[in-house]
Amino acid sequence: MGALSAVSSNQPFSEQYRLAAVDWVRLEAAATMLENGKSAFTAQQIAKTTGKSEAEKERKVKASEAFSNYIKNMTNARAAANEAKVEVDYIKMKSWEHQAQDATRRAEMKMG
């Protein structure tokens, strides 16, 4: 599913919502795993780094390309999860709008 693409489908809203929610759960898990693993990644990198003190090793690690890439991947994963959540909410809102339009049409038919 792409950003806000599911609603253009001919599938029922319930199926669109299910598919978008499954995608969101998968992306949320990936982002959370990277966020929770940041300390372990940092500790592993510090253990492999030479330096006179722990502070010096930590500075070297945080200035490294590997750490920068980890942070970029973690941030991109969180952004993807957030976009997937927006898609889930969008489908939910479109479903509510559709229900409201149907209710309005029924009310108009009764009146006219």
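Here are the numbers for this structure:
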quantity	calculated
Complete set of residues in the range 30-52 that are surrounded by 15 or more Cβ atoms within 10 Å (Cβ to Cβ) and of a type in the set (S, T, Y)	T42, T49
Qualifying residue in the range 55-64 (condition: small (G, A, S), loosely packed, with under 13 Cβ neighbours inside 10 Å and not in a helix (DSSP H, G or I))	yes
Matching entry among S68, S95 (being loosely packed, with under 12 Cβ neighbours inside 10 Å and either touching a residue at least 12 places away in the same chain (Cβ under 8 Å) or under 23 Å from the mean Cα position of the chain (by Cα) (or both))	S68
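The rows are residues; the columns are (1) of a type in the set (F, W, Y); (2) at pLDDT 95 or above; (3) over 26 Å from A21 (Cβ atoms).
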residue: G37; (1), (2), (3): no, yes, no
residue: T42; (1), (2), (3): no, yes, yes
residue: S68; (1), (2), (3): no, yes, yes
residue: N73; (1), (2), (3): no, yes, no
residue: A81; (1), (2), (3): no, yes, no
residue: E97; (1), (2), (3): no, no, no
residue: E108; (1), (2), (3): no, no, yes
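The values are calculated or read from the model by the stated rules, or taken from the named source; none is laboratory data. Keep in mind that what you see is a predicted model, and the values were worked out from it rather than measured. Using ideal geometry, Cβ is built from the backbone for each residue, glycine included, and neighbour counts are taken over all protein chains shown.
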